[in-house]
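Okay, structure first, notes after.
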Amino acid sequence: MRVIAGTQKGRRLHGPKGPGLRPTADRVKEALFSILGSRVAGARFLDLYAGTGAIGIEALSRGASSVTFVESNPSAGCILKTNLAACGLEADANLFLSQAETFLRSARTGTAAFDIIFADPPYQLDLETSLWPILIETPALASGGLLVLEHATRQAPPPAAMSLSLLRQYRYGDTTLSVFERTERSAAS
């Protein structure tokens, strides 16, 4: 694993160890940041199911103002800390060892909304009954912010909701990136 672009371009990152860790492939990571484009610079970025931190570190390398990493696996969290230290990016990073759903339900997300949320949950997770209802209701994503959900191509993305509009899907073999935008809820008359 390596950082593709930005201030950390070419830096090698420590990879996953143990079962259950599935890093985002380099070609999918390149596509993700091509999709996000200039929106990354200055963005508050949330990396859910962060693993060893490759996506969030790429965001910092490309100019995100801060990245909050959420990872429940302590082993992956240790690797993530090592990767942040090796890149000298600890000052712009926050790491929470927590389940993504627990983090999103907590008050920690209420202080300031994120401009971009990237979520790469385990492919076997039933999104419609676990993560999706929380993402629809969370104040963690700013109005106009993007949610990028990485999921198995064979798995349909959750349906668009009143507050999240599906903009586009990008397929890369077994992996699909579904991009949603937070829209303003219409005020009740």
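The values are calculated or read from the model by the stated rules, or taken from the named source; none is laboratory data. Computed from a predicted model, the values in this text were never measured in an experiment. Cβ atoms come from the backbone with ideal geometry, glycine included; neighbour counts cover every protein chain shown. In case anyone asks, the SASA skips ligands and DNA or RNA and just uses the protein heavy atoms, side chains included. Shrake-Rupley method; radii C 1.70, N 1.55, O 1.52, S 1.80 Å.
Details
- If a spin label sat at a point 7 angstrom from the Cα of THR82 along the line to its beta carbon, the backbone N atoms of the stretch 21-53 nearer than 13 Å would be those of 52-53.
- Reciprocal of mean inverse Cα separation for the stretch 25-99 (Kirkwood radius, Å): 12.2 Å
- Distance from the Cα centroid of the stretch 138-168 to that of the stretch 29-47 is 15 Å (rounded to whole angstrom).
- Scoring 119-125, 136-142 by mean Cβ neighbours within 10 Å over their residues and listing the highest first yields 136-142, 119-125.
- Carbon + sulfur, % of accessible area of the chain - ligands and nucleic acids excluded, 1.4 Å: 51 percent
- Amide H contacts of THR68 (H built 1.01 Å from N, under 5 Å, at least 5 apart or other chain): PHE45, LEU46, ASP47, ASN94
- Here the stretch 127-176 has an Rg and Dmax of 11.3, 32 Å, counting Cα atoms alone.
- Helix-only [θ]222 nm of the chain, DSSP H runs n ≥ 4, -39500 (n - 2.57) each, per residue, nearest 500: -7000 deg cm²/dmol
- In the context of the full set of protein chains, the chain has a per residue accessible area of 46 Å² (1.4 Å probe).
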